[in-house]
Amino acid sequence: MQKKLSVLFLCGWYPSRVLPTNGDFIERHAKAVAKLNNVSVIHIITDENLVAKEEIIVSKEENLITYLAYVKPQKNGFLKALTFYKVFKKIYSKIDSIDVVHLNEIYPFGIFSLYLKKRFNKPYIISEHWTVYHQPQAKNISFFQKKISNLITKSAEFVCPVSNDLADSLKKIPLKGNYTKVPNVVNTELFFPLEKKEERFTIIHISNMINEHKNVEGILHVISKLQLESIDFCLKLIGDNSIKYIDFAKKLGIDSKNIEFINQIPHKEIVTHLQKADVFVLFSNYENLPCVILEAFSCGVPVISTNVGGIKEYFPENFGTLISKNNEELLLKEILNIYYKKHKIADKQIMHQYVKNNFSELVIANSFNNLYQKAVKNIAKWI
């Protein structure tokens with residue numbers, strides 16, 4: 001039996017009182033890993049409402065200790081970095097034991113991982129989710145950031161992007177390293193299928209509601225045309241500040257009975273809406289591996305998504321349809337195909353089992369645990 005390790009999650013993103021849903025997918029990774037190991041999480045974030053110089057909040061649950069540190073914003077980049085470093089060292093001193101570091105976000109928090117490896121011989125692996133490494137966004141990464149990031153990835157035992165597509169983008173920058181894909185995690189005990197009772201055809205979209213990314217306006221254009229068909233339907237828009245699209249929907253003439261705006265809700269409540277949906281729609285301009293597609297599959301809900309990023313790597317036949325981005329005509333056609341049952345869609349339980357076999361908490365925990373064990377053995381050879 002493998003030894004239970006002490007794992008330090010270093011997180012550039014993580015849910016906090018400042019950004020309650022930011023990096024919630026990393027939190028789910030941490031909770032999965034905590035099923036097999038002892039996990040400590042460190043996340044430092046600026047808080048403009050902070051009165052004190054700093055505030056560190058510690059929370060504990062089974063095998064998981066979270067350190068959320070809030071510091072005052074600083075305009076001077078050097079002073080900000082120095083403040084983060086001092087707080088990091090303060091928290092690190094409170095942690096009894098660390099066998100391996102799990103870095104989430106290469107830059108800038110990877111500098112702490114480098115420090116721990118050089119100073120204390122702590123091996124680290126990297127998980128990366130960030131769409132900024134894809135073109136054309138990657139053109140905005142500075143020369144300095146590329147150089148430091150390359151040093152961070154080369155020094156890691158493993159670099160674990162969530163898709164091969166993201167791995168290819170990282171390599172093109174170029175960021176060298178020992179790459180191995182580990183996807184996002186789904187709580188398959190929470191996200192499971194139910195037989196839909198409502199007769200009304202329900203379309204659902206869940207996202208951060210950033211139009212440049214998710215093309216929410218494109219979805220609304222399609223919904224305005226869907227109204228011309230003789231079908232009874234409702235679109236549910238779920239996400240942070242979804243109500244900002246109310247006026248745009250009105251301009252398009254979308255009837256209020258055909259659309260529902262739901263602001264950000266707790267992750268555990270998303271399942272209720274997915275279980276009642278007939279189809280999940282994602283019309284993004286770019287992606288890596290959206291957790292919500294896997295969660296829809298886990299609930300037995302077919303997906304219509306743009307064929308961008310790593311989505312096609314995890315999109316089995318008969319689980320829905322992939323379409324070209326910005327193709328509103330095709331999106332409308334595919335929604336109607338789902339409504340009129342023109343596509344053969346896999347059984348709900350088959351979809352759920354696919355997610356359970358590939359993305360459940362235990363599957364992902366084992367994937368990371370194998371890498372942790374190898375990382376610890378690798379570093380031991382050099383001590």
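The values are calculated or read from the model by the stated rules, or taken from the named source; none is laboratory data. Just so you know, these numbers come straight off a predicted model, no measurement behind them. Using ideal geometry, Cβ is built from the backbone for each residue, glycine included, and neighbour counts are taken over all protein chains shown.
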Just to verify a result, which residue in region 95-144, among those that are assigned to a loop (DSSP other than H, G, I, E, B) and without any contact (Cβ under 8 Å) to a residue 24 or more places away in the chain, is farthest from the chain's Cα centre (by Cα)? S142
Are any residues in region 150-178 buried (at least 20 other Cβ atoms within 10 Å of the Cβ), out of contact with any His (no Cβ under 8 Å at 6 or more places or on another chain), of a type in the set (S, T, Y) and over 30 Å from A277 (Cα atoms), and if so, which ones? T153
Positions within region 195-207 being closer than 28 Å to V363 by Cβ and modelled with pLDDT under 95, in sequence order: E195, K196
Filter result for the condition that a residue is part of a loop (DSSP other than H, G, I, E, B) and among the charged types (D, E, K, R), over E217, E212, E195: E195
Any idea which of N337, N307 is assigned by TED's automatic domain parsing to the domain that holds L235, more than 24 Å from A167 (Cα to Cα) and surrounded by fewer than 22 Cβ atoms within 10 Å (Cβ to Cβ)? N337
Segments classed as helices (runs of 4 or more DSSP H), wholly inside region 266-339, with at least 1 members that are farther than 27 Å from G23 by Cβ: 328-339
If you check N63 against the conditions, is it under 23 Å from the mean Cα position of the chain (by Cα) and polar (S, T, N, Q)? yes
Can you tell me which residue within region 232-243, out of those that are at pLDDT 95 or above and surrounded by fewer than 15 Cβ atoms within 10 Å (Cβ to Cβ), is farthest from L282 (Cα to Cα)? D232
State all residues of region 320-331 that are closer than 19 Å to S207 by Cβ and either surrounded by 14 or more Cβ atoms within 10 Å (Cβ to Cβ) or outside the structural domain of F280 (by TED's automatic domain parsing) (or both); if no residue qualifies, say none. G320, T321, L322, I323, K325, N327, E328, L331
So which of L64, L82 is assigned by TED's automatic domain parsing to the domain that holds P15 and either touching a helix residue (DSSP H, G or I) at 6+ places or on another chain (Cβ under 7 Å) or hydroxyl-bearing (S, T, Y) (or both)? L64
Scope region 145-168; condition over 17 Å from the mean Cα position of the chain (by Cα) and without any contact (Cβ under 8 Å) to a residue 40 or more places away in the chain; matching residues: Q145, K146, K147, N150, L151, K154, D168
